[in-house]
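To start, the structure itself, in C-alpha cells.
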C-alpha cells in the first residue's frame with residue numbers, strides 16, 4: 001500500500017503562511033500539539049497506532065523537492081529566505097510521539113514550533129486515510145461519486161437563480177478530514193471541470209499546483225493562540241498577532257480569523273486600523289448569520305463600506321447551508337465559502353471529527369474560546385477561566 005503522504009506540498013496553504021510568520025517573528029517559540037478525536041469512531045483508533053507510526057517514519061524521510069520549492073517561491077507572499085529554510089527542512093521523528101490509552105489514539109508533537117507546527121495536517125490526513133482503508137473502498141467511492149454528481153447538479157440549479165450583487169464562490173478545505181488523497185483529487189478535479197463559475201480554489205497546495213487552481217488560506221487558530229504565550233499582555237494578544245501579520249504580509253492574505261476568544265472579544269480589538277488593513281473576516285464557529293450581522297454592524301460603526309470587504313464562512317458547511325448564508329448576505333458584502341468534510345469525505349461513511357491543536361507554547365497553556373462551546377479546547381482549566389475573565393467571555 002502506498003504511503004498516505006508522499007509530498008510535503010500536500011498540506012493547507014495556511015500552514016506555510018503561519019510557518020513563515022513564526023520563523024521570521026518568533027523562531028525561538030517552543031510548542032506542544034495534541035491529537036483529539038471529538039466523536040465516536042466505528043472501531044478504536046488505538047488499533048491504528050502501529051501504522052500511524054510507520055507513516056510518520058516515512059513523513060520524516062521526506063524533503064521538499066525543487067519543483068515544489070519553485071512553486072512556493074512563485075507565490076508573491078512567500079519570501080526567498082523561507083524557501084531556503086524549507087529547502088533544508090526535515091521533520092524530526094523525535095519531536096512526535098504515538099501512543100495509546102485504552103481505545104484512544106494519542107499523538108503529541110513537542111519541540112520548537114517551527115519544527116513541529118507543520119505536523120498537524122499530515123497527521124490528520126494519515127489517521128483519516130488509515131481509518132477508512134478498513135471499509136469497502138469500492139462501495140464508498142461509488143457512493144461518493146453519486147453524491148458528488150448530486151452536488152454538481154445542485155450548483156447548476158443554484159446558478160439559475162437571479163443574480164446578486166456579489167457572486168457565489170466556494171473552495172475545497174478538505175485535506176484534514178478527507179476520505180483519501182486520491183478521492184480528494186477526484187473531487188477537486190471534478191468540481192473544477194464541472195462548475196468553474198463557482199469553484200475557485202483549494203487549500204491543498206499540491207492540488208492547487210497540479211490542477212492550476214488558486215491556493216486558499218491565511219491563518220488558523222494556532223497562530224493567534226501562540227501569542228497568548230509570547231510575552232505580550234494577555235489582553236493584547238490578538239492585536240499583537242494581527243499586527244505581526246500585517247507587517248509580514250503588507251496587504252496580502254488579508255482575511256482574519258475571529259473566534260479564538262469569540263467574535264465579540266475579537267471585534268473589541270479589531271479597530272479602524274485593522275478593519276481598513278484586512279480585506280475581511282473568517283467565520284469558524286457559532287451561528288453564521290449572527291456572526292455575519294455582527295461583522296457588518298462593526299464595519300458600519302467604523303464607517304467602512306461592507307461591500308469593499310469579504311466574509312469567509314468555513315464552519316462545517318455543506319452546499320445548502322452555504323446557499324442559505326449567501327442569499328442572506330450576498331447583496332451587502334463579498335462572500336466566500338470553504339467547505340471541507342462535506343466535499344472530501346461525503347462517501348456514505350461517518351467521518352471522523354479529529355483535530356490536532358496547539359495546547360501549550362513556551363511552557364504555558366494556550367486556549368481557544370470558541371463561539372461553539374464544543375470547540376473550546378484547553379488542557380488547563382485555571383488558564384481557561386482567566387482567559388474568560390480577561391475578555392469578559394460568559395460561556
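The values are calculated or read from the model by the stated rules, or taken from the named source; none is laboratory data. If you're wondering where the values come from, they're calculated on a predicted model, not measured in any experiment. Here the Cβ is made from the backbone with ideal geometry for all residues, glycine too, and neighbour counts use every protein chain on show.
List of remarks:
- Any chance residue 40 is touching a strand residue (DSSP E or B) at 6+ places or on another chain (Cβ under 6 Å) and on the phi < 0 side of the Ramachandran plot: no
- Members of segment 235-259 found to be part of a loop (DSSP other than H, G, I, E, B), modelled with pLDDT of 95 or more and touching a strand residue (DSSP E or B) at 6+ places or on another chain (Cβ under 8 Å), listed by number: 254, 258
- Exactly one residue among 299, 273, 326 is in a helix (DSSP H, G or I), assigned by TED's automatic domain parsing to the domain that holds residue 243, at pLDDT 95 or above and surrounded by fewer than 19 Cβ atoms within 10 Å (Cβ to Cβ), and that residue is 273.
- Filtered residue count, segment 352-389, keeping only those that are exposed (fewer than 15 other Cβ atoms within 10 Å of the Cβ) and in a helix (DSSP H, G or I): 7
- Any hit, segment 121-138, residues being within 30 Å of residue 334 (Cα to Cα) and either touching a residue at least 40 places away in the same chain (Cβ under 8 Å) or loosely packed, with under 14 Cβ neighbours inside 10 Å (or both): yes
- Test: residue in segment 209-231 that is within 16 Å of residue 5 (Cβ to Cβ) and modelled with pLDDT of 95 or more: yes
- Checked against the criterion of being surrounded by 20 or more Cβ atoms within 10 Å (Cβ to Cβ) and part of a helix (DSSP H, G or I), the candidates 14, 33 yield just one match: 14.
- Residue match in segment 55-62 (condition: crowded, with 20+ Cβ neighbours inside 10 Å, touching a helix residue (DSSP H, G or I) at 6+ places or on another chain (Cβ under 9 Å) and more than 23 Å from residue 222 (Cα to Cα)): yes
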